[in-house]
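Got a structure here, written out as structure tokens. Questions coming.
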Amino acid sequence: MKLRTQTGLTFDDVLLIPKRSSIRSRSEVDTSTHLVPGIRLHIPIISSNMDTVTEAEMAIAMAQAGGIGIIHRFMSIEAQAQAVDKVKRSESFIVEDPLTIAPTTSLREAETIMEEAHIGGLVVVDGEGRLLGLLTSRDMLLAPDKGVSAERVMTPRAELVVASADEALHEARLTLHKHRVEKLPLVDGENRVQGLITAQDIIKLQKHPHATKDERGRLRVGVAVGIHRSDYVRAEACLGGGADLLVVDVAHGHAEHTIQMVRDLKERFPAVPVMAGNVATAAGVRDLAEAGADAVKVGVGSGSICITRVVTGFGVPQLTAVSECAEVGHELGVPIVADGGIRKSGDVSKAIGAGASTVMLGGMLAGTDESPGASVIRDGQQKKVIRGMASLTANVDRKAIDKSEQEIDWGEVVPEGVEAVVPYRGSVGDMLHQIVGGLRSGMSYAGAKTVPEFWENAEFIRITPAGKQESGVHDVDVL
Ligand code: XMP
């Protein structure tokens, strides 16, 4: 037995000490950071791979804001790959593989395809992939008979404005404007469809200038995988859909099977970045990094819905865990993700100041419009459901997804998470605006214009319960 005499600290145990600063405005602060070496985020925020936090809608909003979302793995492989596809199709410079239909497709079928893919138009092609026309949702809006074929309603090729596949984006924009059209099919010399440029994509490009995008202008997205044989298939399916990052998501990430999984994934998909976790010690970071992890997730039992520390007695208070892990992470060039326990923007400042490159948020984002959690009314207030991925119901649902033949023995499940509700919080964009505003302000208090400068300048002071009380609103009735 060993007993460390060092006290483990968490966010509420400390404050950052203000430093001399030359920063006049928060806008001078650059919050950009590495997700993994080679991929930068404009804001250091990742939405958690929980089934009440991140599916396609959240991942789209996170990437548009300059962060990233990790699609959870508590769904079938097909559903997860579809979610990736949805994010990837949501915007791009050029849609390189636009969805196509045959001219004989009925409007009803076309409508279903558009609804499922969340798009407003389909390219109509012949058997050789040659452009015959364009069918948009507007063409179908008032069509009296949804049984008729697309060719009866589409805008035919002769009336379409098209461009060649090497059309530059600014030229495309002028062409779209000149002809007052919303979609510009790209064709080669033989009229074969090569891509599609849409007005919507150009508008989105201007609306989200800091979005996290891949080299083709598509939003980036990560996917969580486990450590079972089927997870190779899961990884492959999601990567096929364009996923940018694999996240090996295990409660105890400092375990030999997790280390082996990281090794295997790096061997099978050498070009794909792998984030792994969760760990709470420097040794954990070292072992996962040695296995090839490109980023390491830190946090054991710190999450809002976690009861790991209560059930098992294990964990390290999160600020201590992050700062110890970050020391090794910086030495090895492996970004650290502070995952769990972040409740306010000040905690984001503290986590980044302690050396993390990014933070992962669950509870703080679960109440937003974009989270998949159910909405409920409690005591007259709108709330949204959040649950731990090791909670009782998540365990039971997982068995159903795995199509496990075994009867569920409820008595055998030992949950390490709970089901709960959080207040409804509006759109994730607004929420992130507040969080990043707090972080920018925090960095300016440290005199830090960049994240590495913040690591350098951050100095913490431990506080007492009286200090904590003083730090919040006190001795007034808040209106
Ligand atoms: P926050 O505090 O942001 O934490 O809600 C989110 C993180 O909590 C972890 N997580 C769990 N940990 N039991 C645990 O011990 C669980 O059931 C559970 N579910 C999620 C996870 O790391 C997440 O990102």
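The values are calculated or read from the model by the stated rules, or taken from the named source; none is laboratory data. Remember, it's a predicted structure, so these values are computed and weren't measured experimentally. Because the Cβ atoms are built from the backbone with ideal geometry, glycine has one as well, and the counts that use them run over all protein chains shown. Side chains included, ligands, DNA and RNA excluded: accessible areas come from the protein's heavy atoms. Shrake-Rupley method; radii C 1.70, N 1.55, O 1.52, S 1.80 Å.
Among the numbered criteria (1) open to solvent by 30 Å² or more (accessible area, probe 1.4 Å); (2) away from the ligand (no atom under 16 Å from the Cβ), which one does A243 miss?
Looking at each condition in turn, A243 falls short on (1).
Let me ask something additional. Could you pull out the residue among R309, R263, R286, R234 that is under 28 Å from A79 (Cα atoms), part of a helix (DSSP H, G or I), basic (K, R) and open to solvent by 30 Å² or more (accessible area, probe 1.4 Å)?
Unique residue meeting the criteria: R263.
Please give the helices (runs of 4 or more DSSP H) falling wholly within the range 85-203 in which 3 or more residues are open to solvent by 60 Å² or more (accessible area, probe 1.4 Å). Working first, answer last.
Details: elements: 107-117, 137-140, 150-153, 169-178.
Answer list for the range 85-203: 107-117, 169-178.
Could you please let me know if G362 is under 19 Å from V316 (Cα atoms), within 12 Å of the ligand (Cβ to nearest atom) and open to solvent by 20 Å² or more (accessible area, probe 1.4 Å)?
No: the conditions fail for G362.
Shifting gears a bit: Looking at (1) away from the ligand (no atom under 15 Å from the Cβ); (2) in a strand (DSSP E or B); (3) in contact (Cβ under 8 Å) with a residue 12 or more places away in the chain, find the lone condition where A338 falls short.
Checking A338 against (1) away from the ligand (no atom under 15 Å from the Cβ); (2) in a strand (DSSP E or B); (3) in contact (Cβ under 8 Å) with a residue 12 or more places away in the chain, the one that fails is (1).
Another question, then. Determine which member of the set V53, V29 is farther than 23 Å from K297 by Cα and crowded, with 20+ Cβ neighbours inside 10 Å.
So the residue among V53, V29 that is farther than 23 Å from K297 by Cα and crowded, with 20+ Cβ neighbours inside 10 Å is V29.
Report, ordered by the first and then the second residue, all pairs with beta carbons closer than 6 Å, sequence separation of six or more or different chains, a first member in the range 359-376 that is more than 19 Å from E419 (Cβ to Cβ) and part of a loop (DSSP other than H, G, I, E, B), and a second member that is open to solvent by 10 Å² or more (accessible area, probe 1.4 Å) and away from the ligand (no atom under 12 Å from the Cβ).
Once the first residue is more than 19 Å from E419 (Cβ to Cβ) and part of a loop (DSSP other than H, G, I, E, B) and sits in the range 359-376, its partners that are open to solvent by 10 Å² or more (accessible area, probe 1.4 Å) and away from the ligand (no atom under 12 Å from the Cβ) give D369/S427; E370/E57; E370/A61.
Another one. For residues that are among the small types (G, A, S), open to solvent by 10 Å² or more (accessible area, probe 1.4 Å) and either in a loop (DSSP other than H, G, I, E, B) or within 12 Å of the ligand (Cβ to nearest atom) (or both), tally how many sit in the range 269-283.
Taking the range 269-283 and keeping what is among the small types (G, A, S), we get 271, 276-277, 280, 282-283.
Restricting the remaining residues to those that are open to solvent by 10 Å² or more (accessible area, probe 1.4 Å) gives 271, 280, 282-283.
After this cut, where a residue has to be either in a loop (DSSP other than H, G, I, E, B) or within 12 Å of the ligand (Cβ to nearest atom) (or both) as well, the list is 271, 280.
Residues that pass the stated criteria total 2.
How many of the residues making up the range 289-306 are free of Cβ contacts under 8 Å to residues at least 60 places away in the same chain, outside any helix (DSSP H, G or I) and out of contact with any Phe, Trp or Tyr (no Cβ under 9 Å at 6 or more places or on another chain)?
Total meeting the criteria: 4.
Within the range 237-250, take every residue that is in contact with a helix residue (DSSP H, G or I) (Cβ under 6 Å, 6 or more places away or on another chain) and in a helix (DSSP H, G or I) and give me the one that is nearest to D85 (Cα to Cα).
This residue is C238.
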